[in-house]
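Taking it in order: structure first as structure tokens, then the write-up.
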Amino acid sequence: MYELRYGWIVVLLSVFFIPLLSCAKESEKIDLPSPRMEGGRPLMEVLKDRRTMRSFSNKELSLQELSNLLWAAFGINRPEEGKRTAPSAMNKQETDIYVAKKDGLYLYDANNNSLIKILGEDIRGATGGQDFVKDAPVNLVYVADYLKMGDSSKESKDFYSAANTGYISQNVYLYCASEGLATVVRGWVDREKLHEAMKLKGSQKIILAQTVGYPGE
Ligand SMILES: Cc1cc2nc3c(=O)[nH]c(=O)nc-3n(C[C@H](O)[C@H](O)[C@H](O)COP(=O)(O)O)c2cc1C
């Protein structure tokens with residue numbers, strides 16, 4: 001008799017809670033639209049316009065713009081080899097791009113062209129020491145995972161992770177110049193505080209941050 005009653009409880013729990021759990025899981029990931037790999041302005045014109053800007057409007061970037069931006073930054077451009085739009089020393093691909101937006105912190109998953117939700121809180125203010133960071137729509141945080149770099153020396157990991165991040169950041173500069181967006185790469189970051197706010201692992205090292213948005217007034 002008791003077994004029968006518990007059986008019904010299990011059935012009821014499965015009917016009501018399993019769909020709820022799967023919804024919660026789905027909402028933790030945003031599938032990005034396919035990046036648009038055609039178009040853009042001629043390279044020499046873009047280089048002429050590349051610059052740092054530090055004034056941003058609050059206007060959000062669309063998912064299409066985010067997809068294009070992240071693909072330009074460090075997306076996969078040769079799927080057969082899994083290689084990327086920026087070079088990477090010994091092809092270690094240790095750099096992850098985190099995206100701090102008003103609605104939370106996301107990790108760019110280049111393989112699945114999606115954003116994985118890491119935190120549901122707004123940590124934009126923790127991504128840098130300058131005033132504009134807390135209100136700009138997108139702050140990218142470049143994080144190297146030293147575990148992915150094998151057993152080379154710390155000096156070599158520091159050097160290559162910094163160099164590799166530079167290429168990614170320049171891709172973002174060029175994409176922004178092409179699309180009329182504003183951007184600034186930033187070394188002025190309280191890395192300890194941000195590491196904690198992002199709940200990163202000990203092997204992960206914050207290299208630089210970069211703000212992106214529409215130009216402000
Ligand atoms: C590694 C690196 C770190 C930087 N850090 C900051 C920063 O923390 N804050 C900032 O406003 N600009 C920062 N900049 C932007 C430089 O100030 C800017 O590139 C320089 O003034 C030249 O201007 P341009 O990019 O328009 O040519 C950084 C640039 C680089 C390459």
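Every read-out reported here was derived from the displayed coordinates using simple, explicitly stated rules and does not represent laboratory data. Treat the numbers as computed from the prediction; the structure is a model and nothing was measured. Neighbour counts are summed over all protein chains in view; Cβ atoms, including those assigned to glycine, are modelled from backbone coordinates with ideal geometry.
Extension gain for the segment Ser156 to Gln64, taken as residue separation times 0.36 nm less the Cα-Cα distance, is 29.5 nm to one decimal.
Its relative contact order, with pairs defined as Cα atoms under 8 Å and 6+ residues apart, puts the chain at 27 percent. Be a star and scan region 199-217 for residues whose amide nitrogen sits under 20 Å from the point 7 Å along the Cα-to-Cβ vector of Ser57. Only 211-217 pass the distance filter. Averaging the sequence gap over all C-alpha pairs within less than 8 Å and six or more residues apart, then dividing by the number of residues, gives region 97-217 a relative contact order of 30 percent. Glu196 sits among other residues whose Cβ lies under 15 Å from its own Cβ, and their net charge, with Lys and Arg +1 and Asp and Glu -1, is +2. Compared with the dominant Cα axis of the chain, that is its longest principal axis, helix 154-179 is turned about 80°. Within the shell defined by Cβ-Cβ distances under 12 Å, the residues around Thr211 carry a net charge of +3, with Lys and Arg each +1 and Asp and Glu each -1.
Other residues within the sphere of radius under 13 Å centred on the Cβ of Leu69, judged by their own Cβ, net out at -1 (K and R +1, D and E -1).
For the chain, the convex hull spanned by the alpha carbon atoms encloses 173 Å³ per residue. Using the Cβ-Cβ distance between Lys201 and Glu38 with R0 = 41 Å, the FRET efficiency computed as 1/(1 + (r/R0)^6) comes to roughly 0.60. Between Glu45 and Lys83, the contour length at 0.36 nm per residue exceeds the alpha carbon distance by 11.0 nm. Would region 133-201 count as rounded, prolate or oblate if I go by the C-alpha gyration tensor, calling it rounded below 1.5 in a/c and otherwise prolate when a/b exceeds b/c, oblate otherwise? Oblate, because a/c is 1.5 or more while a/b does not exceed b/c. Modelled label positions at Ile116 and Glu28, each set 7 Å beyond Cα in the direction of Cβ, lie 0.9 nm from each other.
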